[in-house]
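Below is one structure; the comments refer to it alone.
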Amino acid sequence: MSDTRGGPARLFVANRGEIALRVIRAAHALGMETVLGISMADRDSMAAREAGRAVVLGPAAARSSYLDQNLVMHAALATGCTALHPGYGFLSERPEIAELCAQERISFIGPSADSIRSVGDKLSARRLAEAAHVPMTRGSAKLRDVRHALQAAETIGYPVITKAAAGGGGRGIMVARDPGELAAVFSRAATTAREAFGDDTIYLEAYVEHARHLEVQVMGDGEGRVIHFGERDCSIQRRYQKMIEEAPAAILPDDIRAQMRRAAVDLLRSIRYRNAGTVEFLYDEGRREFSFMEVNARIQVEHPVSEEITGIDLITLQLEIGMGLRRLPPQDSVATQGHAIEARILAEDPQRGFSPSPGRIIDWRPPSGTGIRVDTGVGEGSMVPPYYDSMIAKLIVRGSTRDEAIDRLAAALAAFKIAGISTNIPLLAAIAAHNDFRANRIGTRWLETTLLPAFCA
């Protein structure tokens with residue numbers, strides 16, 4: 001396969017684990033050569049074995065390997081790569097890596113640096129959403145100090161939630177129900193933001209008590225065309241970290257569903273967005289209202305459920321769009337059918353405060369069968385290192401209905417055998433068996449307030 005310049009298409013994969021392996025396999029299916037940048041800890045990984053070539057970037061610490069954009073770019077150039085896929089996490093939402101790719105005439109499989117900047121800063125993203133007439137919760141501007149925060153909260157109305165302008169992942173998020181609580185958490189939220197993102201800018205939003213966390217998967221061509229691939233429900237979370245995701249969002253009335261999808265497309269069309277992205281919303285079921293939350297300028301962990309209901313390989317489409325090999329398909333060619341659920345398999349022990357469980361996997365027997373898919377970067381004999389995110393696999397199930405998908409999820413979790421490390425499979429099985437989950441009576445606080453107190457007792 002050749003790129004648009006006529007030379008051999010060679011992809012540098014700047015990530016690790018299951019997403020690196022997923023990208024490598026998609027690239028090979030397209031006839032592309034692959035080079036994987038790895039740390040010393042991942043020299044024997046499945047992704048390193050399947051890549052056409054693996055290059056050690058540096059030691060195990062991510063800041064000296066996966067997060068060093070200059071090392072990554074040097075490795076991509078030294079190996080003659082013509083494209084770079086950042087996966088998710090690590091450098092995926094750093095505008096600097098997109099700029100370096102543009103300078104070196106390497107196709108960046110993601111948004112432009114300008115788009116990443118404009119939506120990566122949460123306050124900037126709110127301004128874009130407002131200009132695109134996307135519904136939003138009441139919120140503040142950048143806050144100078146706690147006194148400014150208290151004044152803003154009086155205007156917004158309690159309860160409020162603190163948010164870090166420079167990032168996501170739940171860092172810097174704290175709920176305050178009165179002025180005393182806000183005064184107590186504000187400096188802590190700012191410190192958390194500074195440590196995580198190097199920027200302590202905090203703002204406030206109205207806190208939605210009984211919210212669902214919904215998101216719309218989109219893809220743009222960089223020329224003003226944007227299409228969606230339906231929405232996902234990511235409401236089952238612990239400390240703002242998603243654990244189970246579904247597509248479509250069964251809770252949505254059809255008119256609200258159509259409005260949310262249109263809002264996501266309109267927002268990213270307004271900035272001529274390129275490649276994959278996700279627009280996230282909070283949904284108040286009682287009021288039948290959704291409000292803009294943020295944009296993730298990358299492919300996300302939970303993209304497989306969107307693939308399962310549309311039949312479209314989003315990683316392959318990312319590569320084709322990013323390298324100019326295919327035009328964005330028309331919206332009417334994207335149809336959704338059935339229901340899909342993804343459960344994140346983590347190397348951690350819920351019964352011991354969710355402590356990480358690195359080590360060697362001595363037994364690995366994933367489930368298989370109709371409607372069951374496992375995306376992973378490990379297997380029997382693999383070492384799970386202690387240096388990175390604890391996710392080791394994604395279990396994805398599909399059914400013609402939500403009930404059928406839940407039945408398959410429960411059966412697949414029961415059949416999934418892993419030994420040598422602890423995992424969260426017992427907790428996921430408890431979720432799948434819970435009446436609230438079956439009846440779709442959940443929200444972003446359901447896991448922590450309803451299930452975990454009994455499960456961890």
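Data for the structure
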quantity	calculated
Positions within the range 219-228 being out of contact with any Lys or Arg (no Cβ under 8 Å at 6 or more places or on another chain) and surrounded by 23 or more Cβ atoms within 10 Å (Cβ to Cβ), in sequence order	MET219
Residue check, GLY224 touching a helix residue (DSSP H, G or I) at 6+ places or on another chain (Cβ under 8 Å) and of a type outside the set (Lys, Arg)	yes
Helices (runs of 4 or more DSSP H) (entirely within the range 100-157) containing at least 1 residues that are closer than 30 Å to LEU314 by Cα and not assigned by TED's automatic domain parsing to the domain that holds GLN300	113-120, 122-131
Test: residue in the range 432-444 that is surrounded by 16 or more Cβ atoms within 10 Å (Cβ to Cβ), over 23 Å from the mean Cα position of the chain (by Cα), in contact (Cβ under 8 Å) with a residue 40 or more places away in the chain and on the phi < 0 side of the Ramachandran plot	no
Residue within the range 37-58 that is of a type in the set (D, E, K, R), more than 28 Å from ARG194 (Cα to Cα) and crowded, with 22+ Cβ neighbours inside 10 Å present	yes
Condition check for GLU308: within 15 Å of the chain's Cα centre (by Cα), in the same structural domain as THR449 (by TED's automatic domain parsing) and among the charged types (D, E, K, R)	no
Candidates ILE256, ILE236, ILE244, filtered to the one that is surrounded by fewer than 21 Cβ atoms within 10 Å (Cβ to Cβ) and more than 17 Å from LEU128 (Cβ to Cβ)	ILE256
Matching residues, the range 256-302, being at pLDDT below 95 and either among the basic types (Lys, Arg) or outside any strand (DSSP E or B) (or both)	GLU285, GLY286, ARG287, ARG288
Verdict on GLU93 being assigned to a helix (DSSP H, G or I) and either surrounded by fewer than 22 Cβ atoms within 10 Å (Cβ to Cβ) or outside the structural domain of ALA263 (by TED's automatic domain parsing) (or both)	no
Every residue from the range 407-431 that is crowded, with 21+ Cβ neighbours inside 10 Å and over 30 Å from PRO59 (Cα atoms)	ARG408, LEU409, ALA412, LEU413, PHE416, LEU427, LEU428, ILE431
Test result for ALA343, within 27 Å of MET219 (Cα to Cα) and either assigned to a strand (DSSP E or B) or of a type in the set (Ser, Thr, Tyr) (or both)	yes
Test: residue in the range 337-352 that is more than 26 Å from SER306 (Cα to Cα), of a type in the set (S, T, N, Q) and buried (at least 18 other Cβ atoms within 10 Å of the Cβ)	no
Test for VAL378: is it β-branched (Val, Ile, Thr), under 25 Å from the mean Cα position of the chain (by Cα), buried (at least 20 other Cβ atoms within 10 Å of the Cβ) and at pLDDT 95 or above	yes
Check on ARG147, among the basic types (Lys, Arg) and closer than 24 Å to GLY277 by Cα	no
Any hit, the range 377-389, residues being in contact (Cβ under 8 Å) with a residue 12 or more places away in the chain, assigned by TED's automatic domain parsing to the domain that holds GLN300 and more than 19 Å from ALA47 (Cβ to Cβ)	no
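The values are calculated or read from the model by the stated rules, or taken from the named source; none is laboratory data. Source: prediction; values computed, not measured. All Cβ positions, glycine included, derive from the backbone under ideal geometry; neighbour counts span all protein chains shown.
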